[in-house]
Amino acid sequence: MKPAVMERCSLLQELTQRGIRITGQRRILVETIQASERHLDAATLLDQARQRDSGINRATVYRTIQLLKNLRLIDELDLMHLNGEKHFYEAKTNVDHVHLACFECGRIEEFVSPLFERLKAEIARQKGFQIRVTRLEVGGRCSACSALQRNSTECAGRPLLPG
């Protein structure tokens, strides 16, 4: 079984289909979330949105986030609280995935696997539990930081070359 391709829903399209009014500032916030290649916290979302409209305020950001959460269009994540008690937001995807948080560099990777889907199915079957939300975060060291660690360890035991 090959892994599913992870796609994010179109937030503007979903809001329009649900009859939600799209103000200019709401459009900017939603487009910023949609276009982001990383998980955004509220402060970063505000900073990025203000690059397009300096009049956007913090209350508008939080109201928009709350609306999107209530409509189940975005997920709120803590991402191992790598940056304090911040919460991060991402547009919902068509498949559940695991977030891998690197304690060294703070990088967040997303991992999709049929094994994760089988685990959810097994939980539902064994416990008769109807799963609506799945969040899994794994903390450790990413492959790049692991490689750096290996290289520095290898070099540490070698004598310096004569100059």
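The values are calculated or read from the model by the stated rules, or taken from the named source; none is laboratory data. Computed from a predicted model, the values in this text were never measured in an experiment. Glycine also receives a Cβ, built like all others from the backbone with ideal geometry; neighbour counts cover every protein chain displayed. Each accessible area value is taken on the protein alone, full model and side chains, heavy atoms only, with ligands, DNA and RNA left out. Shrake-Rupley method; radii C 1.70, N 1.55, O 1.52, S 1.80 Å.
Side notes on the structure shown:
- Selection from the range 54-69 of residues that are assigned to a helix (DSSP H, G or I) and either open to solvent by less than 70 Å² (accessible area, probe 1.4 Å) or on the phi > 0 side of the Ramachandran plot (or both): Ala59, Thr60, Val61, Thr64, Ile65, Leu67, Leu68, Lys69
- The number of residues in the range 132-150 that are within 20 Å of Ile74 (Cβ to Cβ) and either open to solvent by 90 Å² or more (accessible area, probe 1.4 Å) or modelled with pLDDT of 90 or more (or both) comes to 2.
- Whether a residue is modelled with pLDDT of 90 or more and either open to solvent by 50 Å² or more (accessible area, probe 1.4 Å) or touching a Leu at 6+ places or on another chain (Cβ under 8 Å) (or both) was assessed, and Leu11 does not pass this test.
- Taking the range 10-27 as the range and being assigned to a helix (DSSP H, G or I) and within 17 Å of Lys69 (Cα to Cα) as the test, the residues that pass are Leu11, Leu12, Gln13, Glu14, Leu15, Thr16, Gln17, Arg26, Arg27.
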